[in-house]
1. Listed residues Gln77, Gln31, Gln73, Gln84; which is assigned to a helix (DSSP H, G or I), polar (S, T, N, Q) and over 20 Å from the mean Cα position of the chain (by Cα)?
2. Please go through the stretch 6-62 and give me each residue that is surrounded by 12 or more Cβ atoms within 10 Å (Cβ to Cβ) and of a type in the set (Ser, Thr, Tyr), ordered by number.
3. In the stretch 1-27, how many residues are closer than 22 Å to Glu62 by Cβ, in contact (Cβ under 8 Å) with a residue 12 or more places away in the chain and out of contact with any helix residue (DSSP H, G or I) (no Cβ under 9 Å at 6 or more places or on another chain)?
4. Any residue in the stretch 38-67 that is without any contact (Cβ under 8 Å) to a residue 40 or more places away in the chain and farther than 17 Å from Asn11 by Cβ sitting within a Cβ distance under 8 Å of a residue that is exposed (fewer than 10 other Cβ atoms within 10 Å of the Cβ) and not acidic (Asp, Glu)? List the pairs, counting only those 6 or more apart or interchain.
5. Suppose we keep only residues that are over 12 Å from Ile55 (Cβ atoms) and touching a Ser or Thr at 6+ places or on another chain (Cβ under 9 Å) within the stretch 9-44. Which one would you say is modelled with the lowest pLDDT?
6. Which condition from (1) more than 22 Å from Ser5 (Cβ to Cβ); (2) in a helix (DSSP H, G or I) is the one that Tyr45 breaks?
Amino acid sequence: MAVVSLKIGGNFYKFSCNDGQETHMRELADQLDKKAEALTKSIGYMKEGQLLAMICLLLAEEKHNLERATNAQMLEQTTDQIAQSIQNLALKVGVLAESLEQ
């Protein structure tokens, strides 16, 4: 088990992680640190706990927006598939109708 020291919002935190995951943890912490930096630039100073809570809210909003976009995309794909199925059925009904008329 490895231990990494990660900087988020100007503060350092120690975390345990699986061996080999240190780089990934640092990359994630860098993303959070950039969010913290952007927040303090736009809003100003916040206490440590408030800053971390605000970062969590921003991440939750991003997740929500991604889920909504994914759901809309899935709905569009499903609608397209249903339309294609209806079109295929209409063609089959047309072929059956023609064969019955003969």
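1. On the way: Gln77 fails: over 20 Å from the mean Cα position of the chain (by Cα); Gln31 fails: over 20 Å from the mean Cα position of the chain (by Cα); Gln73 fails: over 20 Å from the mean Cα position of the chain (by Cα).
Checking each option against the conditions leaves just Gln84.
2. Once the filter is applied, which keeps residues that are surrounded by 12 or more Cβ atoms within 10 Å (Cβ to Cβ) and of a type in the set (Ser, Thr, Tyr), the stretch 6-62 yields Tyr13, Thr40.
3. Going through the stretch 1-27 one residue at a time, the tally reaches 2.
4. Note: no pairs meet the criteria.
5. Ranking the candidates gives Gly10 first.
6. For Tyr45, the exception is condition (2).
The values are calculated or read from the model by the stated rules, or taken from the named source; none is laboratory data. In this text, all values refer to a predicted model and were calculated from it rather than measured experimentally. Neighbour counts are summed over all protein chains in view; Cβ atoms, including those assigned to glycine, are modelled from backbone coordinates with ideal geometry.
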